[in-house]
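One structure is given here, and the rest of the page talks about it.
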Amino acid sequence: MTVAWRDAPPLAPQDLSSDRSETLDPEDWKALRTQGHRMLDDMFDHVAGVRARPVWQPIPPETRARFRGALPQAPTDLGDVYREFADHIAPYTTGNIHPGFMGWVHGGGNAVGMLAEMLAAGLNANCGGRDHVPIEVERQIVQWTRQMFGFPDTASGLFVTGTSMANLMAVLVARATRLGPSVRQHGLSDCGARLTAYTSVATHGCIAQAMDLAGFGTDALRRIPVDHCHRIDVAVLRAQIAADRVAGFEPFLVVGSAGTVDIGAIDDLAALHDVCRDEDIWLHVDGAYGALGILSAEIAPRLAGIESADSIGFDFHKWGQVPYDAGFLLVRDGEQHRATFAASAAYLRRETRGLAAGSPWPCDYGPDLSRGFRALKTWFTLKTYGTDKLGAVISRTCELARYMEAKVAAEPRLELLAPVQLNIVCFRYRAEDADAVNADIVAALHESGIAAPSTTTLDGRIAIRAAIVNHRTDRRDIDALLSAVLEFGACETAARIER
Ligand SMILES: *Cc1c(COP(=O)(O)O)cnc(C)c1O
């Protein structure tokens, strides 16, 4: 007979109270319940009223100093600890739930995902392995991602912290596939030292880091130039692979970008697939934020070819709006994926019945053994909103980027620095000493609390970079950012003339 969670008969009070002194459970659940409901209500208010507050505010020195305290040996009342959270933590976050946040590429999160995080923490599931439904939830998402990207049923997938980790793991799978699983015992040795990987100069820095961590060193990564739209130059890629072969190297990996971090460029993934098929090279796609564009009818065609990649790394916590963190790795050949990470240990013995059944386990597909229930907030988000709605949110961020692009183009004091391809707009205020002026404008914007774009460098010039990722952002936020740029730009320029 199975017992539903809410129907379990309460234990008799005497059973509960055999020794109250050493448990962390409260003596008075009623008080905790009241406190908990208050926290939940406050957080709903915090999220619902986010637009009325500054995007970000500088941390007062007293607040910072509070977090240099001594290790608490004695207990503190939960109400007091919560007050400290409300007064000194919640007001000083990055601000990425705010519609005016357009810095870097940060997701906005969502209230349903927040509730799911609470439920997941209550279950306190360890999703490394064993036979329980939280793992089935993760497998469900693996199945959904196969469907999204047109991968076969034999593909494997795993939640990880973020795409930096997913990319590192993909490099390791490509490494073990090329050198055979014995590389796990013997290390890279001589043949490994000749392996080379390829990506564009616009690719995220975590790919070079992955080459470092995987033992190849960053020199083994060839950085291929990009065209005017920041897409990898496929002809140069082919030529570099050919030259490396002549020189005795062994090309084993190409990393394509589905949404570069600087301007959101998508490589020609179908062309990369052709190169990799001809050359027998693993194709990994860094789709950290862009791959979920597959949910948008407008963007999906531009990702053509992604369905033939050997692996894809992406984040549900960026365009997918799932609360942090929810990175994901999808690998076409699940067996190669497993062979890269699986290890046997007596204390992880598998059975065919009981709690130790259900092998293979998620821990067979990555370096983590203990793992949280990231799948739950993702499952709730996907089910509650549906992929049509999430895709529409993604499309709208791109539409807002085009709106912003048009406004920048129409304003003589501003200059567009890169073509808008997805949801990222790079521009700047025209001025003498424009690099310094624009860096100052961005810092002043942050401090004003009006908006939070970031900066990047394009062709040696500092750009104001607005990445529109948040589902809460609308035209008002774009207008507010642009008028603040004009205002602060005029101030910065005037201040320089005075000096
Ligand atoms: C954000 C990002 C990454 C890194 O992903 P994390 O989730 O932050 O680890 C890698 N590549 C691109 C293109 C990104 O936008």
Next item on the list: Just need a number here: residues in region 456-499 that are farther than 27 Å from His204 by Cα and outside any helix (DSSP H, G or I).
Entry: 2
Next item on the list: Could you tell me whether Arg146 is basic (Lys, Arg), assigned to a loop (DSSP other than H, G, I, E, B) and either within 16 Å of the ligand (Cβ to nearest atom) or touching a residue at least 60 places away in the same chain (Cβ under 8 Å) (or both)?
Entry: no
Next item on the list: Can you tell me which residue within region 185-211, out of those that are part of a helix (DSSP H, G or I) and either at pLDDT below 95 or out of contact with any helix residue (DSSP H, G or I) (no Cβ under 9 Å at 6 or more places or on another chain) (or both), is nearest to the ligand (Cβ to nearest atom)?
Entry: Gly192
Margin query: For a quick check of your reading: which helices (runs of 4 or more DSSP H) sit entirely within region 1-117 and have at least 1 residues that are modelled with pLDDT of 95 or more and open to solvent by 90 Å² or more (accessible area, probe 1.4 Å)?
Written below: 29-48, 61-66, 78-84
Checklist line | Scope region 341-368; condition under 25 Å from the mean Cα position of the chain (by Cα), closer than 19 Å to Asn124 by Cα and open to solvent by less than 40 Å² (accessible area, probe 1.4 Å); matching residues | finding: Trp361, Pro362, Cys363
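Hey, can you tell me all the residues within region 127-143 that are open to solvent by 60 Å² or more (accessible area, probe 1.4 Å) and not basic (Lys, Arg)?
Asp131, Val133, Glu136, Gln140, Gln143
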Margin query: Every residue in region 441-455 that is farther than 21 Å from Ala202 by Cα and surrounded by fewer than 19 Cβ atoms within 10 Å (Cβ to Cβ), please.
Written below: Ala443, Ala444, Glu447, Ser448, Gly449
Next item on the list: Look at Arg338 and say whether it is open to solvent by 60 Å² or more (accessible area, probe 1.4 Å), within 30 Å of Glu279 (Cα to Cα) and among the basic types (Lys, Arg).
Entry: yes
Checklist line | Among the candidates Glu405, Glu399, residue that is touching a strand residue (DSSP E or B) at 6+ places or on another chain (Cβ under 6 Å) and part of a helix (DSSP H, G or I) | finding: Glu405
Check: Among the residues of region 374-390, is any within 16 Å of the ligand (Cβ to nearest atom), small (Gly, Ala, Ser) and within 22 Å of the chain's Cα centre (by Cα)?
Finding: no
Note to self: Tell me whether region 369-379 contains one or more residues that are β-branched (Val, Ile, Thr), open to solvent by less than 40 Å² (accessible area, probe 1.4 Å) and either assigned to a helix (DSSP H, G or I) or modelled with pLDDT of 95 or more (or both).
What the structure shows: yes
Check: Can you tell me how many residues in region 149-176 are under 23 Å from Leu369 (Cβ atoms) and either modelled with pLDDT under 95 or not in a helix (DSSP H, G or I) (or both)?
Finding: 8
Notebook entry, point to check: Do any residues in region 439-456 that are in contact (Cβ under 8 Å) with a residue 24 or more places away in the chain have Cβ atoms under 6 Å from those of residues that are among the polar types (S, T, N, Q), where the two are at least six apart or on different chains, and which pairs are they?
Noted result: Gly449/Gln57
Check: Residues of region 163-179 being within 13 Å of the ligand (Cβ to nearest atom) and either open to solvent by 10 Å² or more (accessible area, probe 1.4 Å) or not assigned by TED's automatic domain parsing to the domain that holds Ala197 (or both), which ones?
Finding: Ser164, Met165, Leu168
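The values are calculated or read from the model by the stated rules, or taken from the named source; none is laboratory data. Remember, predicted model here, so these are calculated numbers, not experimental data. Note: ideal-geometry Cβ built from the backbone for every residue, glycine included; neighbour counts use all protein chains shown. Keep in mind that these areas ignore ligands, DNA and RNA; they rest on the heavy atoms of the full protein, side chains included. Shrake-Rupley method; radii C 1.70, N 1.55, O 1.52, S 1.80 Å.
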